[in-house]
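Colleague: The structure is given below, and queries will be raised subsequently.
The values are calculated or read from the model by the stated rules, or taken from the named source; none is laboratory data. Bear in mind the structure is a predicted one, so any value in this text is a computation, not a measurement. No Cβ is skipped: glycine too gets one built from the backbone with ideal geometry, and neighbour counts run over all protein chains shown. With ligands, DNA and RNA removed, areas are computed over all heavy atoms of the protein, side chains included. Shrake-Rupley method; radii C 1.70, N 1.55, O 1.52, S 1.80 Å.
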Amino acid sequence: MLHLLHGFAQPPMAWDAVRAHLRTPARALSLPRMEGAAGWDEAIDRVSELPPDAIVVGYSLGARVALGLLARDRIAAAIFISMHPGLEDDAARADRRAADAAWSARLRTGADFLDAWEAQPIFATAARADAAARAARRAARAALDPHALADVMDALGLAAMPSLRAALLARADRARLVVGADDAKFTALAAALAAAAPPLGPTVIPGSGHDPTLEQPAALAAALDDLAAALAR
């Protein structure tokens, strides 16, 4: 059984197209509410208990949460899609803290969030995805509670996350990386991690940018089936 964690500003249904192609049984999880969470550690503690033999698949924010679980050895293994292992540079963290705070403020004040979020360059390749799938994803995003999203950003944003690079490398035999071929930033991140720990991969999804759950769900499902089988051995 795979346990699927969605990205930021996504509901569990973001996995529906992937699950339709998976041979491996899978369930999509919903992250708990983060209202009042006092930082990253408490936020990770709120994630529902998973069986000790769980293989968790996370995309973006969900991948970072999965890494938080793996770093605590609360799960058996994880597959990380488009994941950042955490910032190590203080200046980069300060910049990201300001950016995350701006997104949180936009959500809390009712400023237009959706257009601005989807207009980020990292999501540019999503324009190639099926139009109906894009429309469904946008409608699902629009239905989310903006204040709950702001709480998630505050507790689980990249600025709040400690660097877990060392924890990942120490558990490389229980982890795999997946990236879209056209996502230059995260392909480079994954390649650097795999150079330090070759078991990590990465597996590269052709024809996809940052979000293969939307852009290439069938190819992603095939990759997840193979990676899950390898991790379960």
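Colleague: Rounded, prolate or oblate, given the Cα gyration tensor of the range 70-131, with a/c below 1.5 counting as rounded? Walk me through the numbers on the way to the answer.
Modeller: On the way: a/c = 1.98, a/b = 1.24, b/c = 1.60.
Judged from the Cα gyration tensor, the range 70-131 comes out oblate (a/c at least 1.5, b/c at or above a/b).
Colleague: Still on this structure, I have one more. Of the options Ala191, Ala139, Ala181, report the single residue whose Cα projects farthest towards the positive end of the charge dipole of the range 87-233 (beta-carbon charges: Lys, Arg +1; Asp, Glu -1).
Modeller: The listed residue farthest towards the positive side: Ala191.
Colleague: Distances over 24 Å make up what percent of all Cα-Cα pairs in the chain? Walk me through the numbers before you get to the answer.
Modeller: Values: 10818 of 27028 pairs.
Beyond 24 Å sits 40 percent of the P(r) for the chain.
Colleague: In a Debye calculation with equal point scatterers on the alpha-carbon sites of the range 116-209 and no solvent, what is log10 I(q)/I(0) at q = 0.20, 0.22, 0.23, 0.24 Å⁻¹?
Modeller: The Cα Debye sum returns log10 ratios of -1.13, -1.16, -1.16, -1.17.
Colleague: Would you mind getting the accessible area per residue of the range 141-182, heavy atoms of the protein chains only, 1.4 Å probe, in Å²? Present the calculation step by step, with values, prior to reporting the outcome.
Modeller: Values: 1520 Å² over 42 residues.
Result: 36 Å² per residue.
Colleague: Shifting gears a bit: Dipole magnitude of the chain about its Cα centre, charges +1 at Lys/Arg Cβ and -1 at Asp/Glu Cβ only, in debye to the nearest 20? Don't skip to the answer; put the middle values down first.
Modeller: Values: 24 positive and 27 negative charges, 70 e Å.
Dipole about the Cα centre, nearest 20: 340 debye.
Colleague: Report, to the nearest whole %, how much of the accessible area of the chain belongs to carbon and sulfur atoms, 1.4 Å probe, protein only. Don't skip to the answer; put the middle values down first.
Modeller: Details: 5490 of 9860 Å².
Percent of accessible area from carbon and sulfur atoms in the chain: 56.
Colleague: Return the whole-Å distance between the Cα centroid of the range 158-233 and the Cα centroid of the range 79-94.
Modeller: Value for the Cα centre distance between the two parts: 14 Å.
Colleague: Same structure again: With +1 on each Lys and Arg Cβ and -1 on each Asp and Glu Cβ, how big is the dipole of the range 94-160 about its Cα centre, in debye rounded to the nearest 20? Mind dumping the intermediate values first?
Modeller: Working: 9 positive and 9 negative charges, 35 e Å.
It comes to approximately 160 debye.
Colleague: Starting at the first residue of the range 2-15, write each ³J(HN,Hα) from the Karplus equation 6.51 cos²θ - 1.76 cosθ + 1.60 with θ = phi - 60°, in whole Hz, x for Gly and Pro.
Modeller: Values per residue, Gly and Pro as x: 9, 10, 9, 10, 7, x, 5, 6, 9, x, x, 5, 4, 8 Hz.
Colleague: Also: Using a cut-off of 15 Å between beta-carbons, work out the net charge of the residues near Ala54 (Lys and Arg +1, Asp and Glu -1, Ala54 not included). Kindly include the intermediate steps, with their values, before the conclusion.
Modeller: Details: positive: Arg27, Arg72, Arg74, Arg171, Arg174, Arg176; negative: Glu49, Asp53, Asp73.
So the environment of Ala54 carries a net charge of +3.
Colleague: Express in nm, to one decimal, how much length is gained between Arg97 and Asp73 on full extension, taking 0.36 nm for each residue of separation and deducting their alpha carbon distance.
Modeller: 5.9 nm
Colleague: Under the Karplus relation 6.51 cos²θ - 1.76 cosθ + 1.60, θ = phi - 60°, what is the ordered set of whole-Hz ³J(HN,Hα) values for the range 61-69, x standing for Gly and Pro?
Modeller: So the Karplus estimates, Gly and Pro as x, are 3, x, 5, 5, 5, 4, 5, x, 5 Hz.
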